[in-house]
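Colleague: Please see the structure below; I have some questions.
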Amino acid sequence: MAMATFEEIRKAQRAQGPATVLAIGTVTPPNCVFQADYPDYYFHITNSDHMTDL
């Protein structure tokens, strides 16, 4: 059994013809944390509320 060359494998894995963009989507998270409130939020979820010097 003959082994395929690198070029043959690469050519078999590639599509022929032009590429097409079928869709463009955007995603927005369902929640919002304001930048001014983020430090308090972060310290709360990491159980670091006692580190007030930071």
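Colleague: Select from the range 32-54 the residues that are modelled with pLDDT of 80 or more and among the acidic types (Asp, Glu) and list them in ascending order.
Modeller: Across the range 32-54, the qualifying residues are Asp37, Asp40.
Colleague: Restricting to the range 33-51, what's the tally of residues that are assigned to a loop (DSSP other than H, G, I, E, B) and open to solvent by 100 Å² or more (accessible area, probe 1.4 Å)?
Modeller: The initial filter retains those residues of the range 33-51 that are assigned to a loop (DSSP other than H, G, I, E, B), namely 33-37, 46-51.
Applying the additional criterion that residues be open to solvent by 100 Å² or more (accessible area, probe 1.4 Å) yields 34-35, 47, 50.
Final tally of qualifying residues: 4.
The values are calculated or read from the model by the stated rules, or taken from the named source; none is laboratory data. What you are looking at is a predicted structure, and each value in this text was computed from that prediction instead of being measured. Keep in mind that these areas ignore ligands, DNA and RNA; they rest on the heavy atoms of the full protein, side chains included. Shrake-Rupley method; radii C 1.70, N 1.55, O 1.52, S 1.80 Å.
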